[in-house]
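Encoded as structure tokens, the structure appears first; notes follow it.
The values are calculated or read from the model by the stated rules, or taken from the named source; none is laboratory data. If you're wondering where the values come from, they're calculated on a predicted model, not measured in any experiment. Neighbour counts run over all protein chains shown; Cβ positions are idealised from the backbone, glycine included. Each accessible area value is taken on the protein alone, full model and side chains, heavy atoms only, with ligands, DNA and RNA left out. Shrake-Rupley method; radii C 1.70, N 1.55, O 1.52, S 1.80 Å.
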Amino acid sequence: MALTDTDTTSTRTIVAPRLKGTPRMSRRATRLVWGIPYGVFTAALAIIFLYPLVWTTVSSFSPQAGSAQTDGWGFGNYVSLANFQAGIWVYLGNSLFVSLVTVALTLVISFLGGYAFARFHFPGKNLLFLLVLAILMVPYATLLIPLYVILNAVGLQNSLLGVALVLTMFQLPFSMFMMRISFESIPRELDEAALVDGCNSFSALWRVLLPAVKPGLITVGLFAFLTAWNDFIAPPILINDTNRMTLPLAVANLRGQVMGVIDYGATEAGVVVLALPCIVLFLVLQRHYVRGFMSGAFKG
Amino acid sequence: MAFTTTARTARRARARSPLGGPVQGWLYAAPTALFVVALFLIPLLLVLQMSGSDWPLLRGNLGWNFPDNYVEAVNHRLFWDSIWFTLKYTVITTVLLVGLGLGLALLVQESTMWKGFLRTSFLIPSALGLASASLLFYVLYSPFAGPFADLMQTWGFTFLGTPEGALWSTVFLIVWRYAGFYMLLMLVGLQGIPEDVFEAARIDGASRWQTFRDITLPLLRPTFALTIVLCVTGSLLAFDQFYILTKGGPDNSTMTIVQLIYNIAFQGQNNLGIAAALSVIVLLALIVINVVQLRAFNRPEEA
């Protein structure tokens with residue numbers, strides 16, 4: 001307190017005459033005064049945001065009402081999750097397959113497509129981009145029915161690959177937008193330099209532009225993974241074999257399979273298993289996707 | 001005039017584009033085009049056809065009956081209720097998410113260690129899928145297993161048991177899940193404002209509030225456009241959260257338009273024709289709403 005007072009007084013004598021308005025040191029004093037309510041307020045906000053995750057994780061290890069685990073702390077809820085229907089390894093494997101194929105397809109398509117939209121002029125370009133954005137506007141559940149008919153027609157009925165194709169399509173608006181602004185934020189001089197060095201458009205893309213759009217690609221890949229890993233509407237509509245269901249669906253099915261019986265404990269365990277890889281990837285890649293978002297700066 | 005300008009720009013760009021012409025452009029865009037045509041355009045045309053024909057879930061097309069499905073869709077007893085509820089929900093979530101996104105962004109704008117921690121805390125829920133987040137809150141709100149179970153039993157309240165409670169409980173879940181993401185978009189927008197603009201305002205003696213109102217807000221316009229369009233479109237098509245938390249209840253009070261489409265398609269009547277007609281109506285409404293929004297945001301700034 002005494003420190004603040006002296007600081008303010010000394011500031012006033014030195015700075016105030018030159019800079020009318022708020023002197024620098026008194027701003028620091030303001031910051032000190034506001035620091036405590038700011039800290040308390042934001043800490044409360046952080047608790048609100050983190051509490052649901054912490055509570056779920058902790059209670060997934062505890063016995064509680066409506067869970068198969070009855071005594072002591074431990075992995076009982078995880079055991080009942082693991083043994084649900086076809087078993088967790090089957091569902092995990094299916095989910096991993098769908099997610100990885102979706103990520104790979106999304107990366108390749110939006111990398112090439114973003115390049116085309118950012119650097120080339122071709123007839124129908126604007127129409128194609130508009131169609132990609134229009135995907136956002138169609139109610140998801142209804143487009144899945146004709147998609148089922150079409151996948152049937154090409155022999156991809158009841159297949160995880162079919163699910164991955166569909167999820168890739170729904171991922172296009174975000175990823176194409178992201179890759180287009182990523183490419184647009186790279187100066188054209190880089191293309192020209194590559195061409196002078198003897199590249200054609202493909203080797204320029206592969207050797208020179210790929211490193212430059214890496215943050216964008218990481219962002220696109222991360223969001224494709226999160227979407228595919230968590231989607232639980234496409235699999236039940238496109239697949240009718242329980243052994244080919246994905247993990248979120250199995251977790252959602254933990255409730256309401258038998259009338260009135262909901263295994264809350266196993267559901268918590270399921271949420272933790274679903275959330276863990278997402279949160280880990282999100283934290284590990286944080287630096288990159290924040291850069292990915294910043295690179296184009298969403299200029300509108 | 002506008003046309004000649006675009007044509008000239010295009011011609012100049014074509015002449016200057018060192019990488020190649022339209023053929024190469026199409027080659028790189030070909031996978032995108034293939035996906036869009038095979039998995040979006042053709043299914044969309046199929047939805048249009050379904051909406052004009054009798055199409056039960058398991059048998060397929062039983063002939064053209066336009067406009068019967070549209071008439072039935074509009075006359076469905078929950079049609080207007082679900083539209084009203086969806087609009088109410090959209091306004092609430094858009095106002096909250098855009099406002100909170102900006103608020104949180106302003107709270108953590110400068111980088112210090114504490115603000116970095118806060119940013120990460122607000123962003124972590126965005127890593128969860130909507131379905132996982134909904135399942136998490138389904139347990140959290142439960143009167144048997146949740147952290148508020150004892151309180152709920154003592155005081156006799158429920159989160160999801162009343163229409164108002166179900167609405168606001170779902171809104172809370174959505175705010176929790178998406179506020180960090182909108183904060184990130186707002187941070188990007190704030191980053192895009194050149195520092196010297198603020199510097200100039202400071203020299204002119206503008207107060208903090210004046211700077212915010214007359215500089216930050218107007219210059220964030222493109223960011224507002226992006227976030228509002230994203231939020232409105234997403235909320236009008238809301239499904240996962242209601243499907244898991246309320247299934248449209250209690251008493252159909254939280255029936256969104258997509259939940260209604262889903263119910264018509266897969267429960268009870270199993271009538272894909274009516275569901276498709278309803279989808280076409282929603283699609284047309286969304287196109288109109290988005291065109292209006294983009295027009296409003298692209299209106300040149302009056303001096």
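Summary table below
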{"quantity": "Three-way shape label, the stretch A:83-170, alpha-carbon gyration tensor, a/c 1.5", "calculated": "prolate"}
{"quantity": "Solvent-accessible ranking of B:Ser207, A:Ser60, A:Ser203, largest area first, probe 1.4 Å", "calculated": "B:Ser207, A:Ser203, A:Ser60"}
{"quantity": "Apportionment of accessible area to carbon and sulfur, the stretch A:183-292, percent (1.4 Å)", "calculated": "61 percent"}
{"quantity": "14 Å reach of a label modelled at A:Val54, 7 Å along Cα-to-Cβ, counting backbone N of the stretch B:100-142", "calculated": "B:118, B:121-122"}
{"quantity": "FRET E, pair B:Val74, B:Thr154, Förster distance 45 Å, beta-carbon r, rounded to 0.05", "calculated": "0.45"}
{"quantity": "Computed over chain B: relative contact order in percent, which uses C-alpha pairs under 8 Å that are six or more apart", "calculated": "28 percent"}
{"quantity": "Difference of contour (0.36 nm per residue) and Cα-Cα distance, B:Ser253 to B:Ile287", "calculated": "9.6 nm"}
{"quantity": "Relative contact order %, the stretch A:92-239, counting alpha carbon pairs below 8 Å whose residues are six or more apart", "calculated": "45 percent"}
{"quantity": "Selected from B:Ile261, B:Ile287, B:Ile83 as most flexible by GNM, with chain B as the system and alpha-carbon contacts under 10 Å", "calculated": "B:Ile287"}
{"quantity": "Dimensions (Å) - the stretch A:187-300, Cα atoms, principal axes, largest first", "calculated": "70, 29, 26"}
{"quantity": "Rg and Dmax [Cα atoms of the stretch B:112-246; Å; Rg one decimal, Dmax integer]", "calculated": "19.7, 60"}
{"quantity": "Rg and Dmax of the protein assembly as shown, Cα atoms only, in Å", "calculated": "26.4, 89"}
{"quantity": "Of the DSSP H helices in chain B, those whose Cα atoms cover at least 27 Å axially and whose Kyte score averages 1.6 or more", "calculated": "B:272-298"}
{"quantity": "Pairwise FRET efficiency - B:Leu190 versus B:Leu57, Cβ, R0 = 56 Å, nearest 0.05", "calculated": "0.70"}
{"quantity": "Over the stretch B:109-249, relative contact order from alpha-carbon pairs under 8 Å, at least 6 apart, %", "calculated": "32 percent"}
